[in-house]
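Below: one structure, written as structure tokens.
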Amino acid sequence: MVHIGAYRCKIDFMPVAKKPKKTVRRSISLPVETDAQIQKLARRQRQSANRVMENLIEVGLEAKEDEKQRFFELADRLRTASDPAELQHLKEELARMTFGS
């Protein structure tokens, strides 16, 4: 016996759409040059300027978190280091991160 087609197809589950993220409306003022860069990125990526700004903010927040994690890793290495050259290097690196170049 040969069945043609899928008339006995059984669906075990139905995909459920993700709940949209809650959003907050913000109003910000940007320098003209920054706005121009955002508009340029939006055109190049074929996205809205709002979406480009959202992506930039998310990347910036991730970068800040990574920087914080790196700082704590260096501080931990400084605490456990015994080599004077490594101690000096770690101190300089932490000073750069804290006070800038």
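The values are calculated or read from the model by the stated rules, or taken from the named source; none is laboratory data. A quick note: this is a predicted structure, and the numbers were derived from the prediction, not measured. Don't worry about glycine lacking a Cβ; one is built from the backbone with ideal geometry, like all the others, and counts go over all protein chains shown.
Look at A85 and say whether it is within 21 Å of T23 (Cβ to Cβ) and at pLDDT 90 or above. No; evaluated as a whole, the condition is false for this residue. From the list R51, R46, R70, the lone residue that is exposed (fewer than 10 other Cβ atoms within 10 Å of the Cβ), without any contact (Cβ under 8 Å) to a residue 60 or more places away in the chain and either out of contact with any strand residue (DSSP E or B) (no Cβ under 7 Å at 6 or more places or on another chain) or of a type in the set (D, E) (or both) is R46.
Of all residues in segment 48-72, those satisfying the criterion of being over 21 Å from T98 (Cβ atoms) and in a helix (DSSP H, G or I) are A49, N50, R51, V52, M53, E54, N55, L56, I57, E58, V59.
Residues in segment 73-95 that are surrounded by fewer than 11 Cβ atoms within 10 Å (Cβ to Cβ) and assigned to a helix (DSSP H, G or I): E73, R79, T80, P84, A85, E92. Check segment 23-35 and report whether any residue there is part of a helix (DSSP H, G or I) and among the hydrophobic types (A, V, I, L, M, F, W, C). There is at least one residue in segment 23-35 that is part of a helix (DSSP H, G or I) and among the hydrophobic types (A, V, I, L, M, F, W, C).
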